[in-house]
2 protein chains.
Amino acid sequence: MSSKKQDEMDASLNKRLATSGFRFTPQRQHVYNVLLQKRDHPTVEEVFIRSKEQMPDISMATVYNCLDALVKCGLVRHVNLERSATRYCPNMKEHCHFYCDDCGGIFDVDFSPSGEQGGLQLPEGFKVKQFDISIRGTCPSCAGPKAKP
Amino acid sequence: MSSKKQDEMDASLNKRLATSGFRFTPQRQHVYNVLLQKRDHPTVEEVFIRSKEQMPDISMATVYNCLDALVKCGLVRHVNLERSATRYCPNMKEHCHFYCDDCGGIFDVDFSPSGEQGGLQLPEGFKVKQFDISIRGTCPSCAGPKAKP
DNA sequence: ATTTTTATTTAGAATTATTCCAAATATTGA
DNA sequence: TCAATATTTGGAATAATTCTAAATAAAAAT
């Protein structure tokens, strides 16, 4: 469980939290690991359920708190798709999200912006902090020939 | 109020609604006009308040219904920014939304995608129905030299 | 090592946004 | 005009998130 690699990751998490003025806690460590273990895009509810497996006493409020802290220190992004609950994503590489209308699946899509500011022409004076690109459509297995007719 | 131009617009709205299987109702007409009158990005609550000025008996549930219908027949988009309430936008030209962290303002930003699929490289098989690009940052008046220090 | 300070966790209540419901009403088509 | 069907309405129900205050834990100071 607590290999050398894990220790390094904890130290790195600790540093990240500290630079944003947060403390290192077992709950934050655990919630972060839960996100890393299964690279999908869970809601808070789902993170809560997964977190309880190894840490049965963790509370919903704490999961909210931990996720907020992780977002604020730049280790996690939130993903807002349609009207549903916010989802969380520990992939901080520049990428965007594809949402399949048919199966509800969410996919990370690599994003290689062409030109300055991802090809956007922003008027003078706008300072960009973050892009958020999401795409709605049909994923390969729902659109493909084997999909339902 | 009901000029020739308005009649044309109503006929066009009627057609749009009809092609998606919706009926033309005074409420839908009114909610759509409310959106067109002030080109910002109101929440349902705000649309409700504005709608009641001229149509005091309209209900919240109806405003939700009307907005849904307008979205489904392609006259209105919804704008999901951060965790707050969904906002609505009657600008159907290809554009994206800039959200100012400081003042909370929302700006339409023209979007001229360079290359196929807006510069994105989607893997085989993904069929895109809609892009949604939002940008977080600071707007000119909050970032500018006259902004608070 | 102990104390102090401050942040975090916790459970549950409160709030907010949205959806659902069933009866009354309005619209469309025959 | 009548029948069939969709829409509107107000309120209740649900879902997601935030707030609250007491207990606990972490970091800093002694």
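Each reported figure results from applying straightforward, stated rules to the coordinates on display, with no laboratory input. Remember, predicted model here, so these are calculated numbers, not experimental data. A quick note on method: Cβ atoms are made from the backbone with ideal geometry, for glycine too, and the neighbour counts reach across all protein chains shown.
As a rough guide to protection, the peptides B:54-64, A:99-109 ranked by mean Cβ packing within 10 Å, highest first, stand as A:99-109, B:54-64. Over chain A, dividing the summed -39,500 (n - 2.57) contributions of all DSSP H runs of at least 4 residues by the number of residues returns a 222 nm mean residue ellipticity of -11500 deg cm²/dmol. A simple count of charges around B:Val34, restricted to other residues whose Cβ falls under 12 Å of its Cβ and scoring Lys, Arg +1 and Asp, Glu -1, yields +2.
In whole percents, the pair-distance distribution calculated for chain B from its alpha-carbon pairs, binned every 5 Å from zero, is 2, 8, 16, 16, 18, 15, 11, 8, 5, 2, 0.
Scattering from region A:1-58 was approximated by placing one identical point on each alpha carbon and applying the Debye formula without solvent; log10 I(q)/I(0) at 0.27, 0.31 1/Å stands at -1.16, -1.22.
Between copies, B:Ala85 shows label-point distances of 2.3 nm, shortest first, with the point placed 7 angstrom from Cα along Cα to C-beta. What separates the A:Pro140 label point from its copies, with the point 7 Å along Cα to Cβ, is 4.4 nm, written shortest first. Under the combined filter of DSSP loop state and at most 12 neighbouring Cβ atoms within 10 Å, region A:8-80 retains these trypsin sites (Lys or Arg not before Pro): A:Arg23, A:Lys38, A:Arg39. Within 10 Å of the Cβ of each residue in A:134-144, the mean number of Cβ atoms contributed by other protein chains is 5. One decimal, nm, shortest first: give the distances between the label point of B:Asp10 and those of the same position in the other copies, each label point 7 Å from Cα along Cα→Cβ. Spacings between copies for this position, smallest first, are 7.1 nm. Within the set A:Lys93/A:Lys127; A:Lys93/A:Lys129; B:Lys15/B:Lys127; B:Lys15/B:Lys72; A:Lys4/A:Lys72; A:Lys38/A:Lys129, which residue pairs have Cα atoms separated by over 19 Å? The answer is A:Lys93/A:Lys127; B:Lys15/B:Lys127; A:Lys4/A:Lys72; A:Lys38/A:Lys129.
Can you tell me how region A:40-106 classifies by the Cα gyration tensor, rounded, prolate or oblate, using a/c under 1.5 as the rounded cut? In terms of gyration-tensor shape, oblate. Its relative contact order, with pairs defined as Cα atoms under 8 Å and 6+ residues apart, puts chain B at 18 percent.
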